[in-house]
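The values are calculated or read from the model by the stated rules, or taken from the named source; none is laboratory data. This is a predicted model, so every value here is computed, not measured. Glycine also receives a Cβ, built like all others from the backbone with ideal geometry; neighbour counts cover every protein chain displayed. Protein only, heavy atoms only, side chains kept; ligands, DNA and RNA dropped before computing areas. Shrake-Rupley method; radii C 1.70, N 1.55, O 1.52, S 1.80 Å.
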Amino acid sequence: MGTLYIGLDVHKASIAVSIAEEGREGAIRFLGQIPNTPTDVGKLARRLAKDGSQLEFCYEAGGCGYVIYRQLTDLGHGCMVVAPSLIPRKAGDRVKTDRRDSQKLAILHRSGDLTRVWVPDPVHEAMRDLVRARLAAVGALMRARQQLLSFLLRHGRIYPKGKPWTQRHRVWLAEQVFEQPVHQIVFQDYVEAIFTAQDRRDQLVARIEALLPTWSMGPVVQALRGLRGLEMISAVTFVAGIGDLGRFESPSQLMAYLGLVPSERSSGDHVYRGGITKTGNSEARRMLVEAAWSYRYPPRVAGEKVEVLVRLPKPVRDIAWKAQVRLCERFHKLSRSGKRPTVVVTAIARELAGFVWAIGQQVKPAAP
């Protein structure tokens, strides 16, 4: 009896399994490969626990999701989903196989050198998938619009009256007629693709709005909407990607998780700091960067934002107003110092993450 540390190198069809026995000199064994099915994973767990050993599994986060994690934890075993980018790697190791990967995971798990990722509950994961579906729909709409504009440009049709995709631009599109019937068919097909993509996007937004009141993170989303630049969709996208803000012990930890802190490569007297690390969830980081642009204007509360603020607790309203005063002043100070706009916005987004963390300490998720 004792603790067995099991490294799983998970693929779509198979799982390579290795075991590291507890203790610094514990044996390392490669058990082989099993099919990636719930039945075979359950058989593996029962076989390894047959002698009463405590099982501690680990595998890398990836495309196979959290199905194995939930199955093993439901069986009463320990399981860690590992951040792949934070796994220690030897610079001179040029051989990579499934066997070696599983053995390395087992050894590092035993020594405590792995970093776990936060695993969402099934409802949170469902909302995250819904948000990702909306992002995919937005991308499809942008591609459809660009394809139509490229088609029109090839035929010398350039909209002369301002920005596209306004009501006036749609009227101009309706007036386009081509001499060749085939060109008219292609034009209408591009237009229909845009309408279809718009409908898909709008339906997904409506579903997100409908599910928000029953989501455990709904109160956090509503509280974050009190911040300037964060509306319903951007707040949902941020919270779906990050999860419970209470798990971060400090604002700097959240900033680092979002990849908004400078990279550094220093040695001795030489100190070099580069661009931001860009680790963590890219969509959550993008939401803060987009929101940061709104702080280039003087502090004020817009009419539509008032309707959100009146429903929030006073501590949250105070944090939101403090963020406006602080970040607007900071934006203009950095701009006057000659910093590039992208550098200024990134710095504002990093500080905005601190105010997001503060609101996360005031408003807790509802019971699932």
Those residues of segment 53-87 which are open to solvent by less than 60 Å² (accessible area, probe 1.4 Å), under 14 Å from His109 (Cα atoms) and either of a type outside the set (Asp, Glu) or assigned to a loop (DSSP other than H, G, I, E, B) (or both), in sequence order: Leu55, Phe57, Cys58, Tyr59, Gly78, Cys79, Met80, Val81, Val82, Ala83, Pro84, Ile87
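Just checking: which of the helices (runs of 4 or more DSSP H) contained wholly in segment 218-302 hold 3 or more residues that are among the charged types (D, E, K, R)?
Ranges flagged: 282-292.
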Leading residue by the ranking (farthest from Ala284 (Cα to Cα)) among those in segment 321-368 that are open to solvent by less than 70 Å² (accessible area, probe 1.4 Å) and assigned to a loop (DSSP other than H, G, I, E, B): Gly338
Residues that are open to solvent by less than 70 Å² (accessible area, probe 1.4 Å), assigned to a helix (DSSP H, G or I) and not hydrophobic (A, V, I, L, M, F, W, C), drawn from segment 112-159: His124, Glu125, Arg128, Arg134, Gly139, Arg145, Ser150
Near pairs, Cβ below 8 angstrom, 6+ apart or cross-chain, from segment 71-83 (on the phi < 0 side of the Ramachandran plot and touching a residue at least 12 places away in the same chain (Cβ under 8 Å)) to any residue that is among the basic types (Lys, Arg) and open to solvent by 20 Å² or more (accessible area, probe 1.4 Å): Met80/Arg116; Val81/Arg116; Val82/Arg116; Ala83/Arg116
Top-ranked residue of segment 194-209 - restricted to ones that are in contact (Cβ under 8 Å) with a residue 60 or more places away in the chain and under 16 Å from Arg145 (Cα atoms), ranked as least open to solvent (accessible area, probe 1.4 Å): Ala197
Filter result (open to solvent by 70 Å² or more (accessible area, probe 1.4 Å) and at pLDDT 95 or above) within segment 254-294: Arg286, Glu290, Trp293
Any pair with Cβ under 7 angstrom, 6 or more apart, that starts in segment 2-19 at a residue that is under 18 Å from Gly78 (Cβ atoms) and ends at one that is basic (Lys, Arg) and part of a strand (DSSP E or B): Ser18/Arg29; Ile19/Arg29
